[in-house]
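Notes to accompany the following structure.
The values are calculated or read from the model by the stated rules, or taken from the named source; none is laboratory data. Predicted model, so just to flag it, every value in this text is computed and none were measured. Note that we place each Cβ from the backbone using ideal geometry, even for glycine, and neighbour counts take in every protein chain shown.
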Amino acid sequence: MKRELSSWYSPSLDKEMPVAVYGDYGFALLLVPTAAADYLEYERFQMIDSLAPHINSGKVKVFSINSINNESWLNDNMLGEHKGIRHNQFNNYVFNEVVPFIKTVTSAETPIIVSGASFGALHSMNLFLKRPDIINGIIAMSGVYDLHEYTKGFNDDQVFFNSPMDYMPGLSDEWYLSHIRRSNHIHILSGSGSYEDPGAAGRFARVLYDKGINYELDIWGADMTHDWPTWRDMLPYYIASRF
């Protein structure tokens, strides 16, 4: 498998940001880390190994980026409003730097599907819903789509507009809705085992349903816990069967 590490100084985040790239061809799969993890998390936990058949066959080219959750929502020494500001800078990094990088090393026509597990699922969903014109779909695994789960009681407009469960029910802008509805790849997955919250997946799916947005809600069994073995089963299965 071809593996390349790239890095650049991000103007959005004012720091060096590395990216791991796996494969040569195929649609682009943008992986957002869980919680406080980094751009090599998916490699360390053998997700890249699990995806290897699809990477090596040219079905998918994988891009794995860093999180900055330790500098925002998981930083207990930071004011809540500053956490939101930092998170918006992360969004801008993805939209204005990562997406153009992906297009440069693939093509302007290459679809981008964003994916993440746990906290990464929330961020992935938020990224897709904010820019459905440049991100073409999502595979969200084991997510809770209410950012208040991570804000320790803090709430402001920045929390609201980065929390899909908050802003999606009131979204009426047809530009956003029409672009979101164009996607054939809105996949919301959850296990039913320890530390999973399939109810959160169902509640968010209902929000999409009420907006006339097509999606796939897939709740796996009680043997599927909130951990890497579950996600290593889910993501390769969806790459194989839906793309």
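Might you check whether a residue that is part of a helix (DSSP H, G or I), at pLDDT 95 or above and over 18 Å from the mean Cα position of the chain (by Cα) occurs anywhere in segment 146-156?
no
Just a yes or no: is a residue in segment 73-83 closer than 21 Å to A240 by Cα and at pLDDT 95 or above? Break it down stepwise before answering.
Going through segment 73-83, the residues closer than 21 Å to A240 by Cα turn out to be none.
The answer is no; no qualifying residue exists.
Has segment 196-212 got at least one residue that is touching a Leu at 6+ places or on another chain (Cβ under 8 Å) and of a type in the set (V, I, T)? Reasoning before the result, please.
Looking only at segment 196-212, we keep the residues that are touching a Leu at 6+ places or on another chain (Cβ under 8 Å), and these are 201-202, 205, 211-212.
Cutting the leftovers down to of a type in the set (V, I, T) gives us none.
No.
How about segment 112-149: which of its residues are of a type in the set (D, E, K, R) and in contact with a Phe, Trp or Tyr (Cβ under 7 Å, 6 or more places away or on another chain)?
R131
Hey, could you check segment 220-237 for residues that are of a type in the set (F, W, Y) and touching a residue at least 40 places away in the same chain (Cβ under 8 Å) and say which is farthest from L31 (Cα to Cα)? Steps first, please.
Here is the first cut: in segment 220-237, the ones of a type in the set (F, W, Y) are 220, 228, 231, 237.
Among the residues that remain, those that are also touching a residue at least 40 places away in the same chain (Cβ under 8 Å) are: 228, 231.
Numbers: W228: 14, W231: 12 Å.
By that ranking, first place goes to W228.
Of all residues in segment 219-232, count the ones that are within 17 Å of the chain's Cα centre (by Cα) and either in a loop (DSSP other than H, G, I, E, B) or surrounded by fewer than 17 Cβ atoms within 10 Å (Cβ to Cβ) (or both).
Step one: of segment 219-232, the residues within 17 Å of the chain's Cα centre (by Cα) are 226-228, 230-232.
Of the ones still in play, those that are also either in a loop (DSSP other than H, G, I, E, B) or surrounded by fewer than 17 Cβ atoms within 10 Å (Cβ to Cβ) (or both) are 226-227.
Result for segment 219-232: 2.
Can we say E4 is touching a Phe, Trp or Tyr at 6+ places or on another chain (Cβ under 7 Å) and part of a strand (DSSP E or B)?
Considered against the rule, which asks whether it is touching a Phe, Trp or Tyr at 6+ places or on another chain (Cβ under 7 Å) and part of a strand (DSSP E or B), E4 comes out as no.
Restricting attention to segment 103-141, report how many residues are surrounded by fewer than 21 Cβ atoms within 10 Å (Cβ to Cβ) and either assigned to a helix (DSSP H, G or I) or acidic (D, E) (or both).
The qualifying residues number 6.
Would you mind finding the one in L5, L74 that is over 23 Å from M141 (Cβ atoms), surrounded by fewer than 20 Cβ atoms within 10 Å (Cβ to Cβ) and not charged (D, E, K, R)?
One residue alone meets the criteria, L5.
Go through L177, L235 for me and flag whichever is under 17 Å from the mean Cα position of the chain (by Cα) and modelled with pLDDT of 95 or more.
Just one listed residue meets the conditions, L235.
Just to check your reading of the model, which residue among S12, S50 is under 27 Å from Y238 (Cα atoms), among the hydroxyl-bearing types (S, T, Y) and either at pLDDT 95 or above or in contact with a Lys or Arg (Cβ under 6 Å, 6 or more places away or on another chain) (or both)?
S50
Under 7 Å between Cβ atoms, which residue pairs at least 6 apart in sequence (or on different chains) link something in segment 144-167 that is closer than 25 Å to Y209 by Cβ with a partner that is in a helix (DSSP H, G or I) and of a type in the set (S, T, N, Q)?
N162/N126; P164/N126
Outside any strand (DSSP E or B), at positive phi and either surrounded by 14 or more Cβ atoms within 10 Å (Cβ to Cβ) or at pLDDT below 95 (or both) - does that describe any residue in segment 29-43?
As a first pass, look at segment 29-43 and keep what is outside any strand (DSSP E or B): 33-43.
Then keep just the ones that are at positive phi; that gives 35.
Those still in the list that are either surrounded by 14 or more Cβ atoms within 10 Å (Cβ to Cβ) or at pLDDT below 95 (or both) too: 35.
Checked against the condition, which is being outside any strand (DSSP E or B), at positive phi and either surrounded by 14 or more Cβ atoms within 10 Å (Cβ to Cβ) or at pLDDT below 95 (or both), segment 29-43 yields at least one hit.
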